[in-house]
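The block underneath contains the structure these notes are about, expressed in structure tokens.
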């Protein structure tokens with residue numbers, strides 16, 4: 001399935017969007033948008049996809065989805081779907097709405113870091129009663145109080161310790177904070193040739209460094225070894241292809257650079273705790 005871009009228009013009377021969703025099932029498709037999205041599930045259960053993360057949602061599920069991160073909520077099938085079986089609170093806002101000048105202020109450091117971390121999607125669960133009340137406040141307030149309610153909610157999320165990222169670090173890969181031209185050349189080469197054999201000596205040559213010096217340099221800048229980075233890059237691309245294409249598992253394995261299907265299945269299961277076939281099967285429509 002291909003991800004569709006959702007157009008979000010807060011209208012002329014508001015700077016951000018709030019929704020109270022109430023239906024037999026969520027009318028969700030596999031999609032993305034440049035806005036941030038906070039979702040609190042009040043009723044219903046099912047599967048939740050965020051980037052290459054596949055898990056479950058239930059009442060109390062609270063997620064912050066960053067810009068352009070693909071996501072999808074799918075209800076579990078039931079014999080009947082009475083109105084109100086699926087309920088959620090939803091807030092969508094842009095970074096431009098908050099403004100870079102405000103986000104650069106020292107008092108906003110925690111919120112700015114929260115928003116930057118949300119590029120992978122963040123899960124806060126189970127959401128406490130306090131968070132539900134703050135979500136409700138955003139729904140009910142008007143005028144300046146509405147903006148204050150959103151900032152209060154973001155401050156609460158930023159101060160919450162019980163949070164975990166969802167998508168893998170390389171799914172929506174961002175340039176490292178200490179990036180350099182030599183590192184950019186190497187990362188671009190890996191991106192373009194990840195299905196091919198990648199040799200340390202060749203990559204070190206692109207950076208004009210010896211293999212030993214380049215290995216240290218890469219680990220310092222990226223926080224993981226070159227071999228681990230290449231493996232995760234290939235697995236991340238494999239997960240995307242499992243979601244967005246109908247290629248067979250073996251076709252995907254070879255397309256991302258594995259020359260042994262058994263090795264691919266073993267590495268994918270070690271990474272996701274499920275085989276590629278099991279991962280794809282869970283994505284099948286109910």
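Observations on the model:
- Residue 135 in the same structural domain as residue 52 (by TED's automatic domain parsing), touching a residue at least 12 places away in the same chain (Cβ under 8 Å) and not in a loop (DSSP other than H, G, I, E, B): yes
- The lone criterion from (1) free of Cβ contacts under 8 Å to residues at least 40 places away in the same chain; (2) assigned to a helix (DSSP H, G or I); (3) touching a helix residue (DSSP H, G or I) at 6+ places or on another chain (Cβ under 7 Å) left unmet by residue 235 is number (1).
- All positions within the stretch 263-286 that are without any contact (Cβ under 8 Å) to a residue 40 or more places away in the chain and outside any helix (DSSP H, G or I): 273, 274, 275, 284
- Screening the stretch 140-155 for residues that are modelled with pLDDT under 95 and in contact with a helix residue (DSSP H, G or I) (Cβ under 7 Å, 6 or more places away or on another chain) and picking the one that is nearest to residue 118 (Cα to Cα) gives 146.
- Residue tally, condition touching a residue at least 12 places away in the same chain (Cβ under 8 Å) and out of contact with any helix residue (DSSP H, G or I) (no Cβ under 6 Å at 6 or more places or on another chain), over the stretch 238-262: 6
- Filter result for the condition that a residue is over 30 Å from residue 105 (Cα atoms) and either part of a helix (DSSP H, G or I) or at pLDDT below 90 (or both), over 197, 221, 182: 182
Residues checked against (1) closer than 16 Å to residue 39 by Cα; (2) surrounded by 16 or more Cβ atoms within 10 Å (Cβ to Cβ); (3) touching a strand residue (DSSP E or B) at 6+ places or on another chain (Cβ under 9 Å):
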site	(1), (2), (3)
91	yes, yes, yes
110	no, no, no
123	yes, yes, yes
126	yes, no, yes
142	no, no, no
145	no, no, no
169	no, yes, no
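The values are calculated or read from the model by the stated rules, or taken from the named source; none is laboratory data. As the structure is a computational prediction, the values presented were derived from the model and not from experiment. Cβ atoms come from the backbone with ideal geometry, glycine included; neighbour counts cover every protein chain shown.
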